[in-house]
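Take a look at the structure set out below.
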Amino acid sequence: MNSSLRHLNALRAFEAAARHQSISRAAEELNVSHSVVSQHVKTLEDWFGTELFVRSGNRITLSEDGRALLPRISSGMQTLKDACSDLLRATQKGTLIVSAEPALASLWLRKRITEFCAEFPKIDVDLRPAWQPPQLGEDHADIIIHFETRLPTADARIQRLFPIDGYPACAPHVREQLISEDGNIDWQEAPLVHDNGREIWHQWYLTYEPGSNRWQQGRLYSDLSLAIDAALDGEGIILADDVLCGKEMRSGTLVQLDARQIRCVWYSVALPKKSSRKPAVETFSNWLMLATENPR
């Protein structure tokens with residue numbers, strides 16, 4: 001093939017490296033090794049007879065010829081992506097079974113699935129909240145979205161979605177009751193609301209209020225949705241975040257009490273190996289990863 005199309009993979013590697021200004025980040029995006037991207041770029045440079053990047057140690061910047069090439073290559077790649085996406089929306093069909101941690105399912109994922117199904121009307125998504133993740137595979141689940149520590153690892157590929165970083169929050173009237181005249185909070189007497197165990201508040205106290213056993217007190221709920229409702233009703237303080245508690249924080253029905261944060265959990269996705277994966281699984285997982293670029 002005596003045309004630039006024989007170098008399509010190399011052009012794709014160049015576009016990613018130019019966009020990131022990094023061979024390593026391009027390799028990560030394309031799921032190939034650093035050397036593969038480097039070789040693709042060298043192939044193009046040999047073909048064009050010019051350097052596309054200026055190299056300084058491990059850093060790269062576009063050369064004058066590289067800057068001239070990039071906009072047209074980027075435009076062409078976007079045209080190819082749009083064409084494939086349009087055809088996928090028109091042709092892909094079937095039902096996906098998505099198992100998800102209950103709080104994530106109700107507070108974040110349900111809305112995203114509605115948006116996905118509007119974009120891909122021939123794909124039905126059966127969302128099944130579950131505390132205990134099922135097996136991956138036929139008649140169980142095509143995709144599992146859960147706490148990273150609970151996901152199956154055998155015959156699965158794990159992709160991280162986003163972390164949950166919690167900070168103390170409560171209803172506005174509770175905040176007024178808790179803050180003293182000097183603007184401080186007595187964390188020895190703070191009314192706590194726990195979800196799914198006391199361990200996260202335990203870690204928060206170990207980090208910021210060491211020596212206190214107050215984390216052992218407070219109302220315990222089995223689900224974050226119940227804990228949020230309890231905090232809204234004035235029962236106490238929860239460890240809220242800007243993703244799952246985003247609606248309440250933006251509306252002001254919950255307010256931040258303290259800026260000190262703790263990493264609560266990573267949400268991740270478990271996908272079956274490619275050999276046993278439905279075509280629509282790849283479409284949904286790729287779409288979901290794009291949605292997490294702005295998870296709020």
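The values are calculated or read from the model by the stated rules, or taken from the named source; none is laboratory data. Keep in mind it's a predicted model, so treat the numbers as computed, not measured. Here the Cβ is made from the backbone with ideal geometry for all residues, glycine too, and neighbour counts use every protein chain on show. Just so you know, the surface numbers come from the protein's heavy atoms only, side chains and all, with ligands and any DNA or RNA stripped out. Shrake-Rupley method; radii C 1.70, N 1.55, O 1.52, S 1.80 Å.
About the Cα centre, and with charges only on the beta carbon of Lys, Arg (+1) and Asp, Glu (-1), how big is the dipole of the stretch 49-132? Nearest 20 debye, please.
On the way: 12 positive and 10 negative charges, 24 e Å.
With Lys and Arg at +1 and Asp and Glu at -1, about 120 debye.
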In Å, descending, principal axis extents of the Cα set of the stretch 125-274:
60, 33, 22
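When the chain is fully extended, how far beyond the present Cα-Cα distance does ASN294 get from GLN135, taking 0.36 nm per residue of separation?
Numbers: separation 159, 0.36 × 159 = 57.24 nm, distance 2.90 nm.
Extra length available between ASN294 and GLN135 comes to 54.3 nm.
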Calculate, in whole percent, how much of the Cα-Cα pair population of the stretch 1-120 lies beyond 25 Å.
43
Can you list the equivalent-ellipsoid semi-axes of the stretch 101-203, largest first and in whole Å, using the square root of 5 times each Cα gyration tensor eigenvalue?
38, 18, 11
Among 69-79, 216-226, 166-176, how do they line up by average Cβ neighbours within 10 Å per residue, starting with the highest?
166-176, 216-226, 69-79
Let me have the relative contact order for the stretch 186-296, percent, based on Cα pairs under 8 Å that are six or more residues apart.
26
Around PHE162, which amide H atoms from residues at least 5 apart in sequence, or from another chain, sit under 5 Å from its own amide H, with H modelled in the peptide plane?
TYR267
How fast does the stretch 220-296 diffuse by Stokes-Einstein, in µm²/s, taking the Kirkwood radius from C-alpha pairs at 25 °C and 0.890 mPa s?
162
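Would you mind calculating the relative contact order of the stretch 20-173 from Cα pairs under 8 angstrom and at least 6 residues apart, reporting the percent as a whole number? Let's see the in-between values first.
Working: 142 pairs, mean separation 25.0, N = 154.
Worked out over the stretch 20-173, it gives 16 percent.
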The summed charge of the GLY166 Cβ neighbourhood (under 14 Å; Lys/Arg +1, Asp/Glu -1) stands at -4
Rank GLN188, ALA171, ALA154 by how far each Cα sits towards the positive end of the charge dipole of the stretch 151-255 (+1 on Lys, Arg Cβ; -1 on Asp, Glu Cβ) and give me just the farthest.
ALA154
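Local charge sum around GLY234 (other residues, Cβ-Cβ under 14 Å, Lys/Arg +1, Asp/Glu -1)? Spell out each step's value before the answer.
Values: positive: ARG175, ARG219; negative: GLU176, ASP229, ASP233, GLU235, GLU248.
Charge balance in the 14 Å sphere: -3.
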How large is the accessible surface of TRP215 in square angstrom, using a 1.4 angstrom probe and rounding to the nearest 10?
50
Run lengths n ≥ 4 of DSSP H only: what is the helix-derived mean residue ellipticity at 222 nm for the chain, with -39500 (n - 2.57) per run over all residues, to the nearest 500?
-12500 deg cm²/dmol
Karplus-derived 3J(HN,Hα) from phi for the stretch 57-65 (6.51 cos²θ - 1.76 cosθ + 1.60, θ = phi - 60°), whole Hz, x at Gly and Pro, runs x, 8, 9, 10, 9, 5, 6, 4, 5
Given charges at beta-carbon only (K, R positive; D, E negative), |dipole| of the chain in Debye:
1240
Among (i) 1.08; (ii) 1.01; (iii) 1.16, find the value of Rg/Rh (Cα atoms, Kirkwood Rh) that was calculated from the structure presented, and write down its label.
(i)
State, as an integer percentage, the relative contact order of the chain based on alpha-carbon contacts under 8 Å between residues 6 or more apart.
20
Simple spin-label estimate for ARG260/SER75, 7 Å along Cα→Cβ, in nm, reads 5.5
Counting only DSSP beta bridges fully inside the chain, the antiparallel percentage to nearest 5 is 65
If you average the alpha carbon positions of the stretch 1-75 and of the stretch 180-225, how far apart do those two centres end up, in angstrom?
51
